[in-house]
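Presented below is the structure to which this report refers.
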Ligand SMILES: Cc1ncc(COP(=O)(O)O)c(C=O)c1O
Ligand SMILES: N[C@@H](CCOP(=O)(O)O)C(=O)O
């Protein structure tokens, strides 16, 4: 499988090169030259598979430069019940990502947050940790990962990369904007290969720094800079598996369709759903849910993409979705405009100059319905009401991001064809956002025993202005 850049760069790398490279040299994002298709016979054969087996089948379609036996071993090593051990009490722990029905076979949660850091990122990030180690060992190389987090990517990446040979992680987080639990998860790590930098800005400032460093080809090559954010295709590829697993969990036959509602920020998770649908997974609708930072909801309703500036980005009680410039949206727009890299490059020249673009009158936007997206937004009050309602009606405690999803799912469910089950992707567990859970329910969230007292551990973090050169200096001083 060869890959191309959304902005047209001529190289046609294979998977292992883009795993280590992250962003394309022209600043675009990598996508497969064509989306592999899944046949009915494959769907029939895959229905019974475990998560590890399914991941292997799907990833084999995208990764053709790792021998199948090695890829199988990496999937088996990654997806074990011991790693995904934070299941909701009473759920089938052997299944790794079970569906927890709220309304029988109608509305359910796809439990993706049972991994080490209690967020959906773990499912993909644990695989990336093992893929990096495998490829670096084979090539005798090392990598310095520069990442940005609004709260969950950071800890998921750091837990996945701790102790991996040849890997250092430099993670930028928004100073003072994450929950106490999220800060503790990252900043309490004392491993030699983990560096936390809190920037005095929002996630988008941190992500801009990551892209600026990555776009400095000489610095990137000299200091072996890599990425773990969903700008790295490997993250999106690993996230595609969620949708197939969710489909099999929610349906009884491959004649059925399913719908997904996805709490969204950087558009990485739902982008994987879009690709699963393009591969032939029977997905009736992809429902995108935002919080008060509603740039993406605005686009799907109006055709106008208007990234907000830092000062206009709200600090909310679903902080991991406090994103106003969604990196992966570029991947979707590439498909929307007929995979025309010149059009994408022109649109992102506007975005990079701090401006909006408007596709509302274009023939491309006229086809938006073909992609199955609908959207909605949620507020702090909605979040509290949804957390309460789900707890009172179904006895289930959900986190603030999942609550944004459930709120929008309820709003849009009536538009689905009759009999289509709707899964909300559970993107984190409630203990990560205890303050809001207390506000909603007047009680403490459930806390896994192994994460008891994490907020009291000593923390190690460097606070810095959002300055590309300062971040580069920090890296150089540590890697030599
Ligand atoms: C808990 C949670 N929910 C939702 C999101 C949004 O996902 P994405 O950025 O892939 O759209 C994130 C961030 O990735 C997250 O951490
Ligand atoms: N929501 C994420 C930020 C987006 O990160 P990505 O790695 O999925 O691109 C976070 O919680 O850090």
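Some points to look at:
- Put in line by how crowded their Cβ is, counting other Cβ atoms within 10 Å and starting with the fewest, 153, 402 read 153, 402.
- Residue 444/residue 69 FRET efficiency (R0 60 Å; Cβ-Cβ; nearest 0.05): 0.80
- Considering helices alone, the calculated mean residue ellipticity of the chain at 222 nm is -12500 deg cm²/dmol, with DSSP H runs of length four and up weighted by -39500 (n - 2.57) and normalised per residue.
- Remark: the residue 138-residue 385 segment gains 83.8 nm on full extension, using 0.36 nm per residue and subtracting the alpha carbon distance.
- Ranked by the mean number of other Cβ atoms within 10 Å per residue, highest first, peptides 158-169, 229-240 order as 229-240, 158-169.
- Cα centroid separation, the range 350-390 to the range 252-298 (Å): 12
- Rg followed by Dmax, in Å, when the range 204-320 is reduced to its Cα trace: 17.1, 53
- A crude spin-label estimate for the pair residue 165 and residue 460, with each label 7 Å from Cα along the Cβ direction, gives 2.2 nm.
- Inter-site label distance for residue 256 and residue 12 at 7 Å from Cα along Cβ, in nm: 4.1
- In terms of its C-alpha gyration tensor, the range 43-161 comes out oblate, because a/c is 1.5 or above while a/b does not outweigh b/c.
- Rounded to two decimals, the Cα-based Rg/Rh of the range 424-480, with Kirkwood Rh, is 1.19.
- Along its three principal directions, the equivalent ellipsoid of the range 132-205 from the Cα gyration tensor extends over semi-axes of 24, 12, 9 Å, largest first.
- Per the Kirkwood formula applied to alpha carbons, the chain shows a radius of gyration over Rh ratio, Rg over Rh, of 0.93.
- From the alpha carbon centroid of the range 24-49 to that of the range 406-424 is 25 Å.
- Packing rank of 374-383, 342-351, where each peptide gets the mean count of other beta carbons within 10 Å, highest leading: 374-383, 342-351
- Computed Rg/Rh of the range 365-416, alpha carbon atoms with Kirkwood Rh: 1.09
- The distance between label points at residue 301 and residue 452 comes to 4.6 nm (points 7 Å beyond Cα on the Cα→Cβ vector).
- A Förster radius of 35 Å combined with the Cβ-Cβ distance from residue 44 to residue 103 puts the calculated FRET efficiency at roughly 0.80.
Rule-based calculations on the coordinates, nothing more; no lab input. Remember, it's a predicted structure, so these values are computed and weren't measured experimentally. Please note: Cβ atoms are built from the backbone with ideal geometry, for glycine as well, and neighbour counts cover all protein chains shown.
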